[in-house]
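Following: one structure in structure tokens, then a few remarks.
Each reported figure results from applying straightforward, stated rules to the coordinates on display, with no laboratory input. Just so it is clear, the model here is predicted, and its values are computed rather than measured. Cβ atoms come from the backbone with ideal geometry, glycine included; neighbour counts cover every protein chain shown.
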Amino acid sequence: MINIGKKLIHIRKINNISANKLAISIGVDPSTINKIEKGTAKPSIDLLIKICKFFSITLSEFFNDGTNSEPAILNPQLKELLHNAKDLTPEQLELLSKFIKSIK
């Protein structure tokens with residue numbers, strides 16, 4: 001079972017977002033985020049949807065525990081890179097892969 005509070009902390013850290021900034025951005029009191037992360041409160045579905053929209057992820061991605069085939073939650077830059085790469089030809093993907101390897 002997913003620990004919602006720990007998952008939210010993880011997502012915030014990946015995206016370098018403070019609890020306070022998240023709360024203000026989605027229109028809730030910062031104490032609400034704090035309580036969710038501490039496990040003393042559970043978010044409503046509506047609040048989870050707002051959180052997911054803020055991070056540009058689906059509810060499914062939020063609850064992904066890494067055991068299925070869905071991608072793990074990615075930082076915004078990597079997510080954008082994957083989005084941009086999805087329409088490349090196999091040859092373009094090979095060139096991109098070679099380029100990435102060359103700058104490591």
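Points to keep in mind about this one:
- Ellipticity at 222 nm from helices only: DSSP H runs of n ≥ 4 in the chain, each -39500 (n - 2.57), divided by the residue count, give -18500 deg cm²/dmol.
- For the chain, the longest principal axis of the C-alpha atoms and the axis of helix 4-14 are separated by about 50°.
- Once the chain from Ile17 to Leu59 is taken as fully extended at 0.36 nm per residue, the excess over their C-alpha distance is 13.3 nm.
- Modelled spin labels at Lys42 and Thr89, positioned 7 Å past Cα toward Cβ, are 5.3 nm from each other.
- Note on the chain: the alpha carbon radius of gyration divided by the globular reference 2.2 N^0.38 Å gives 1.29.
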